[in-house]
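Right, one structure below, let's go through it.
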Amino acid sequence: MSESQSRYSIVERLTHQKLDIMGAKSKLAEDVKDREQVAERLKKNIENWKKDIPENIKREERGFKIELEKAQEEADYAKTRQKEKEKVYDEKIKAIEDALDKIEEISKTSQS
């Protein structure tokens, strides 16, 4: 009986080792499958990114054009405001010159 128990424990150990090895082998296959899926996902990401490039360029170009239009409008507005302010400054200068002329005229007449 001892001999049959010995054989039974050997068979049990070998069966357990076989199951462990089969499990490890299965994990290897799963690991390879997971890594292949990661590689495939990255490949698709690159393909999608390449497809998106033209759209991204168009979107950025539209953004730059809007920014350019806004800057041009601001420049045009600043130019208009410059002309208006120059007109106001010219009027103030003229008023000051007129005042100086009157003071000079009064000074001449009071000296006489």
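Each reported figure results from applying straightforward, stated rules to the coordinates on display, with no laboratory input. Predicted model only: the values in this text are computed from it and were never measured. Neighbour counts are summed over all protein chains in view; Cβ atoms, including those assigned to glycine, are modelled from backbone coordinates with ideal geometry.
At Tyr8 and Phe64, where each label point lies 7 Å from the Cα along Cα→Cβ, what is the point-to-point distance in nanometres? Simple spin-label model gives 8.3 nm for this pair. Remark on the chain: Rg and Dmax equal 46.0, 154 Å (Cα only).
With the convex hull drawn around the C-alpha atoms of region 24-87, the volume per residue stands at 70 Å³.
Against the chain, whose longest principal axis is taken from its Cα atoms, helix 2-111 shows a tilt of about 0°. With the charge dipole of region 19-100 set up from +1 on Lys and Arg Cβ and -1 on Asp and Glu Cβ about the Cα centre, the Cα lying farthest toward the positive end among the listed residues Asn56, Leu100, Thr80 is that of Asn56. Under the convention that each Lys and Arg Cβ holds +1 and each Asp and Glu Cβ holds -1, the size of the dipole of the chain around its Cα centre is about 900 debye. Legend: calculated FRET efficiency, Thr109 to Thr80, from the Cβ-Cβ distance at R0 = 41 Å, rounded to 0.05, equals 0.40.
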